[in-house]
Every structure is written in C-alpha cells, then in structure tokens.
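Notes follow the structure.
The values are calculated or read from the model by the stated rules, or taken from the named source; none is laboratory data. As the structure is a prediction and not an experimental result, all values here were calculated from the model. With ideal geometry, Cβ positions are generated from the backbone for all residues, glycine too; neighbour counts draw on all protein chains shown. With ligands, DNA and RNA removed, areas are computed over all heavy atoms of the protein, side chains included. Shrake-Rupley method; radii C 1.70, N 1.55, O 1.52, S 1.80 Å.
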There are 2 protein chains.
Amino acid sequence: MTTLTPAAAAARTGVSIDTLRYYEREGLIGPIRRSAGGRRAYTEDDVFWIGLVTCFREAGLGIADLRGFVAILRAEHPPQARVAFLRERRAALEQQVAALHRAMEVLDEKITYYS
Amino acid sequence: MTTLTPAAAAARTGVSIDTLRYYEREGLIGPIRRSAGGRRAYTEDDVFWIGLVTCFREAGLGIADLRGFVAILRAEHPPQARVAFLRERRAALEQQVAALHRAMEVLDEKITYYS
DNA sequence: TCTTGACCTGGAGCGCGCTCCAGATTCGAG
DNA sequence: CTCGAATCTGGAGCGCGCTCCAGGTCAAGA
C-alpha cells in the first residue's frame, strides 16, 4: 500500500509536521504506522481522517471535543450516546453560527452608516 | 447621570470585573470615568459598547481585531479605510460561517449514519 | 563510505485571553 | 469612628494549541 512521509502528509493536508505529531500525541489521529526505521508512514485513510479533524478545528472545536469525536467514531460508546454527542456538538455549532450572524448584522449596520 | 459600579456593570454585561479591566487596559473600551476616590463608574454608553465588544468576541474576533474596530468607530481613519476594514471583517466572518457549515454537514452525515 | 537532509523524541517556549493574587485604598452601614 | 465589603494597581499564573529546539537516528545519492 502506498503511504506518505510526514512531509508529504503535511503538504497534502495543510497541517504542519509538528502539529501532526501533536495531534497524534493527543490521540486525535493515528496511531500512525511506522517504517522499519521508525519513521511515520501516513495512509490515505490517515489523510482523510486528518481532513476531518482539520474541518472541525476550523469550525472552532477544541482538542478535547475532537478527542470525544474520535472516541465516538471508534465505537467506544453505545449508539445512543454517539447520536447524543453528535447532536450536542451540532447544536453548539448552530449557536456559533448565530453569534456570527449577530456580529455580521452589526457590521452591516456600520457599513451602511459609513457608506 | 446614572452610572454603574464595576460589579453592577459586570452583572449587566455578563463580563467579569477582571475582564472589564483587561478590556480597558487593551483599549477595547473606555477609558471609563472615575469617581472622586478613583473607582470606575460605567455609563449606559459604556455598557452598550461592552455589549458590542462581547458580540464580536463571541463571533471569534481577537483582541487586536477589536482594537482595530475601536479605532475605526472613533473615526481615527479616513472613511474609505473604515468601510474597507468593515467589509474585510465581514468577509472573514462569512468564511467562518462556511467552515461551520462544512463541519455541520459532516456531523449530519454521521448522525444519519448512526441513527 | 561519506554526506546531507528528513525524521525521531522529549521537553521548553510562546501568544492569546483571560484569571487570580497581594497589598493598599475607599466607601457605606451601624 | 469603626468595620467589612468593594475596589484599586501591578504583576504573576494558567490553559489552550501549537511551535520550536537540541541531540540523536536513518536513508539515499555521489
């Protein structure tokens, strides 16, 4: 199977090598397979997963939230707990969208005023 | 004119006393008027402004961004610079909304999958 | 074989946004 | 006038999310 070096994985995902190692330490990704000499070899699945993590980070979720997400998707929890967790996170994101819209309304008002 | 003590202002705005002082030090609010003895006396205008700052903080703007906003609204910049700044901030918020929607789509997919 | 560069680990450092603390001062109730 | 609560200042401390560094290992080309 074709794998990626750390540098290549970083380039593909837009996440720095240091951050990839950090995410692995924190249990957000991996554990990443190693070559004979101990170097990391990222699979396509790893890259995909890193993309998910990045997506949630950009949406403002914290490292601890992401750890919860990992635990959920690894089926370490009963189904109803999974759905509950996911809905809760979704609600938090909706709150955040609402906050953004409030701020945008204020900006729009000021833009109108100064235009 | 009726003014508020620090404790009252904190209660009204939902921002801690320490944070109010911090915002003032950073130039995001105030300077707040003082009583003879040196205590802060928050006006209704101050409270309103603190509300604006809070609105933007909740939307994810940083302290430096807010400082820029303060400078703009205090008319320390030419009109076109004001509008440019405001539009730029607005665009950033839209980006953030887009990031949130992407994350919500992923969550929705997982929720569907696990339901 | 030698060199060069990518990678390894553990741990220190950093910027942000508060939050807390010590020690002094002021204010209002009794 | 006294006492306790609220506030003052300057500065230290903290949690987060990286980011950087030193000192050593591994791998591929000349």
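Answer with yes or no whether A:PHE48 is open to solvent by 20 Å² or more (accessible area, probe 1.4 Å), assigned to a helix (DSSP H, G or I) and free of Cβ contacts under 8 Å to residues at least 60 places away in the same chain. So that I can check it myself, show each step before the final result.
Details: open to solvent by 20 Å² or more (accessible area, probe 1.4 Å): yes; assigned to a helix (DSSP H, G or I): yes; free of Cβ contacts under 8 Å to residues at least 60 places away in the same chain: yes.
It is true that A:PHE48 is open to solvent by 20 Å² or more (accessible area, probe 1.4 Å), assigned to a helix (DSSP H, G or I) and free of Cβ contacts under 8 Å to residues at least 60 places away in the same chain.
Any residue that is away from DNA strand C (no atom under 16 Å from the Cβ), of a type in the set (Val, Ile, Thr) and in a helix (DSSP H, G or I) - is there at least one of those in the range A:15-29?
Quick first cut of the range A:15-29, residues away from DNA strand C (no atom under 16 Å from the Cβ) only: none.
The answer is no; no qualifying residue exists.
For the range B:101-115: of the residues being under 17 Å from A:HIS101 (Cβ atoms) and buried (at least 17 other Cβ atoms within 10 Å of the Cβ), which is nearest to the other protein chains (Cβ to nearest Cβ)?
B:ALA103
Before we move on, is B:ALA36 more than 14 Å from chain A (Cβ to nearest Cβ), surrounded by 15 or more Cβ atoms within 10 Å (Cβ to Cβ) and within 12 Å of DNA strand C (Cβ to nearest atom)?
Numbers: more than 14 Å from chain A (Cβ to nearest Cβ): yes; surrounded by 15 or more Cβ atoms within 10 Å (Cβ to Cβ): no; within 12 Å of DNA strand C (Cβ to nearest atom): yes.
Taking the combined requirement at face value, the residue does not satisfy it.
Given the conditions (1) surrounded by fewer than 15 Cβ atoms within 10 Å (Cβ to Cβ); (2) closer than 30 Å to B:LEU86 by Cβ, which single one is not true for A:GLY27?
(2)
When you go through B:ALA9, B:ALA41, B:ALA98 one by one, which is the residue that is within 14 Å of chain A (Cβ to nearest Cβ), open to solvent by less than 70 Å² (accessible area, probe 1.4 Å) and of a type outside the set (D, E, K, R)? Let's see the steps before the verdict.
Numbers: B:ALA9 fails: within 14 Å of chain A (Cβ to nearest Cβ); B:ALA41 fails: within 14 Å of chain A (Cβ to nearest Cβ).
Being within 14 Å of chain A (Cβ to nearest Cβ), open to solvent by less than 70 Å² (accessible area, probe 1.4 Å) and of a type outside the set (D, E, K, R) holds for just one of B:ALA9, B:ALA41, B:ALA98, which is B:ALA98.
Checking A:ARG67 against (1) more than 11 Å from DNA strand C (Cβ to nearest atom); (2) open to solvent by 30 Å² or more (accessible area, probe 1.4 Å); (3) assigned by TED's automatic domain parsing to the domain that holds A:ALA11, only one condition comes out false. Which one?
The one condition A:ARG67 does not meet is (3).
Taking the range A:44-76 on its own, how many of its residues are within 14 Å of chain B (Cβ to nearest Cβ) and either at pLDDT 95 or above or within 15 Å of DNA strand D (Cβ to nearest atom) (or both)?
If we filter the range A:44-76 for residues that are within 14 Å of chain B (Cβ to nearest Cβ), which is where we start, we get A:48-62, A:65-66, A:68-76.
Adding the requirement that they be either at pLDDT 95 or above or within 15 Å of DNA strand D (Cβ to nearest atom) (or both) leaves A:48-62, A:65-66, A:68-70.
Final tally of qualifying residues: 20.
Take B:GLY60 and tell me if it is part of a loop (DSSP other than H, G, I, E, B) and within 17 Å of the chain's Cα centre (by Cα). Spell out how you get there, then give the answer.
On the way: part of a loop (DSSP other than H, G, I, E, B): yes; within 17 Å of the chain's Cα centre (by Cα): yes.
Answer is yes for this residue.
Report yes if B:THR54 is over 23 Å from A:GLU94 (Cβ atoms), within 12 Å of DNA strand C (Cβ to nearest atom) and open to solvent by 20 Å² or more (accessible area, probe 1.4 Å), otherwise no. Don't jump to the end; show me each part of the working.
Details: over 23 Å from A:GLU94 (Cβ atoms): no; within 12 Å of DNA strand C (Cβ to nearest atom): yes; open to solvent by 20 Å² or more (accessible area, probe 1.4 Å): yes.
It is false that B:THR54 is over 23 Å from A:GLU94 (Cβ atoms), within 12 Å of DNA strand C (Cβ to nearest atom) and open to solvent by 20 Å² or more (accessible area, probe 1.4 Å).
What pairs can you find where one residue is in the range A:6-18 and under 16 Å from A:LEU52 (Cβ atoms), the other is β-branched (Val, Ile, Thr) and within 12 Å of DNA strand C (Cβ to nearest atom), and their Cβ atoms are less than 9 Å apart, with a gap of 6+ or different chains?
Cβ pairs passing all conditions: A:ALA9/A:THR3; A:ALA9/A:ILE17; A:ALA9/A:ILE32.
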